[in-house]
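The values are calculated or read from the model by the stated rules, or taken from the named source; none is laboratory data. Just so you know, these numbers come straight off a predicted model, no measurement behind them. Every residue, glycine as well, gets a Cβ built from its backbone with ideal geometry; the counts of neighbours run over all protein chains shown. All accessible areas refer to the heavy atoms of the entire protein, side chains included, with ligands and DNA or RNA removed. Shrake-Rupley method; radii C 1.70, N 1.55, O 1.52, S 1.80 Å.
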Amino acid sequence: MSDTDAFARIISVDDHLIEPPDLFDGRMPSALADRAPRVDTFPNGRQAWIYEDGIFPNIGLNAVIGRPKSEWSMDPANFDEMRRGCWDIDARIADMDAAGITASVCFPSLIAGFAGTVFSRSRDAELGLACVRAWNDWHHDVWAGTHPGRMIPTQITWLQDPEIAARMVVENADRGFRALSFAEFPARLGLPSLHSGHWDPLLRACADTETVVCLHTGSASWAPIPCDDPPFELLPTLFPGNAFIAAADWLWSGVCSRIDGLRIALSEGGVGWVNMLADRVDYVLDHSASGSESSTWRDDRKPSEVLGDNFWFCTIDDPHTLDGVIERFGADHVMVESDYPHADSTWPDTQALLRTRLGHLDDATIAKLTHQNAEALFRWPIS
């Protein structure tokens, strides 16, 4: 796409990569190399990752970009059935150029889990930690390193030990990583909650290094599903519910009060819930038992002010609620996403959609939403 065709410069703060089959080659300790995750082809011709005793296929809807909707499904997809930009960095950059996307934050896929949860659940801790390091090395050297400036380096970490995780964040910050993909609900993974203080060493390391804590919907493999037999459509419908619950949990945990400078970005949850949460948390503090002398709230700011100071929000298409969030909180904490290569993605029409959704705003606000806020948050100038 030529600059003359573009509506705005775009940093997409929520995209995904599909890990290529050679990701772990040469990146594992020699003693563990033969136990690294690998891609196998089964007798029926289907491919899947194999790790420990688990089988991890690439689910079709995670990589449908460029295919007609008639071919979309939840069935496993082989690599040769995906658009090459899903897993090949050169092809991804070409696809970004075609859609007018200057830079991208890319989250892991199923073999790692959005927050590295698969590796952190490994039966063999040494193996799991080695996989985390290998994934980060590949992301740094290949995904973010092949075309400097185009991919914002985003790490996973070792969730079994916050002290080890904190050291990794510091080490990775020195290598240029700008973000950490972390679990939105640690307790749903059988780990200590945010309220326990267990994660403070890791979160303090993030604040000290200006590493953004990215919470992607689904990163803890949990959603507020109200029944045991939902249709598939219910799950993506509730993505904003995940973001609402996650933001509320993080707010009331007090981590933003205990740790100065913590920056939290919510991905794939939209912005329609933000004003409702802001109204509700302030009302709760003023009216419920939690507003009494026994309240655990330890901040001179209202909860809604913490939400506006320490949280950033991501929109893919919120045509009837975006303006209200900008009116209340200003335009400094909202960013855009394309969600390549998922079924939700706006690619290759990202520019056209943003023109439709944002075109009524003034130029300064458009610039903030499409790239300047992401540039500031991730310390990633593109101009």
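Regarding the range 73-200, what are the three Cα extents along the principal axes, ordered largest first, in Å?
Over the range 73-200, Cα extents along the principal axes are 46, 38, 27 Å.
Quick one: how many Å² of His360 are accessible to a 1.4 Å probe, rounded to 10?
Approximately 110 Å² for this residue.
If you take the charge dipole of the range 170-328 about its Cα centre, with +1 on Lys and Arg Cβ and -1 on Asp and Glu Cβ, which of Gly272, Ser193, Ser295 is farthest toward its positive end?
The residue sitting farthest along the positive end of the dipole is Ser193.
Keeping all protein chains in position, work out how much accessible area Tyr283 exposes to a 1.4 Å probe, and write it in Å² to the nearest 10.
Approximately 120 Å² of Tyr283 is accessible to the 1.4 Å probe.
Please list, in chain and number order, the residues 5+ apart from Ser338 or on another chain whose amide H is under 5 Å from its amide H, with Hs placed from the backbone.
Amide H neighbours of Ser338: Val13, Asp14.
Show me the helices of the chain, taken as full DSSP H stretches, that run 18 Å or more along their long axis by Cα and average -0.5 or above in Kyte-Doolittle hydropathy. It would help to have the intermediate numbers written out before the result.
Values: long enough: 125-138 (20 Å, 0.18); 162-175 (19 Å, -0.31); 239-253 (21 Å, 0.63); 274-287 (20 Å, 0.06).
Flagged H segments are 125-138, 162-175, 239-253, 274-287.
Note down the net charge around Thr356, summing +1 for each Lys or Arg and -1 for each Asp or Glu among other residues with Cβ under 11 Å from its Cβ.
0
What relative contact order, as a whole-number percentage, does the chain give when Cα pairs under 8 Å and 6 or more residues apart are counted? Mind showing how you got there, number by number?
Values: 681 pairs, mean separation 74.4, N = 383.
Taking the mean separation of contacting Cα pairs over the length of the chain, I get 19 percent.
With Rg and the Kirkwood Rh both taken from Cα atoms, where does Rg over Rh land for the range 172-248?
A ratio of 1.05.
Counting only protein heavy atoms and using a 1.4 Å probe, what share of the accessible area of the range 157-223 belongs to carbon plus sulfur, as a whole percent?
Values: 1010 of 2290 Å².
Heavy-atom surface of the range 157-223 belonging to carbon and sulfur, 1.4 Å probe: 44 percent.
I need the GluC sites (Glu not before Pro) found in the range 269-357, filtered to DSSP loop residues with at most 15 other beta carbons within 10 Å of theirs.
Glu293
What accessible area per residue comes out for the chain, rounded to a whole number of Å², with a 1.4 Å probe?
In whole numbers, the chain has 42 Å² accessible per residue.
Report the antiparallel proportion of the DSSP beta bridges in the chain as a percent, rounded to a multiple of 5.
On the way: 8 of 30 bridges.
Here the antiparallel bridges make up roughly 25 percent for the chain.
Just from its helices, what would the mean residue ellipticity at 222 nm be for the chain, if runs of 4 or more DSSP H residues each count -39500 (n - 2.57) and the sum is divided by every residue, rounded to the nearest 500 deg cm²/dmol?
After summing the helix terms and dividing by residue count, I get -9500 deg cm²/dmol.
Looking at the chain as a GNM with Cα springs under 10 Å, which of Asp299, Asp323, Asp97 has the largest mean-square fluctuation?
Asp299
For the range 330-347, in order, what is each residue's ³J(HN,Hα) by Karplus, 6.51 cos²θ - 1.76 cosθ + 1.60 with θ = phi - 60°, in whole Hz (x at glycine and Pro)?
Coupling constants for the range 330-347: x, 9, 7, 10, 10, 10, 10, 9, 10, 6, 4, x, 6, 5, 6, 5, 8, 5 Hz.
Ordering Phe79, Phe42 from largest to smallest accessible area (1.4 angstrom probe), what's the sequence?
The residues order as Phe42, Phe79, largest area first.
Could you order Val212, Val39 so the one with the most accessible surface comes first? Probe is 1.4 Å.
Largest to smallest exposure gives the sequence Val39, Val212.
Between Arg46, Arg92, Arg38, which gets the highest mean-square fluctuation from a Gaussian network model of the chain, Cα cutoff 10 Å?
Fluctuation is largest for Arg46.
Just by accessible area at a 1.4 angstrom probe, what is the order of Arg188, Arg83 from largest to smallest?
Greatest to least solvent exposure: Arg188, Arg83.
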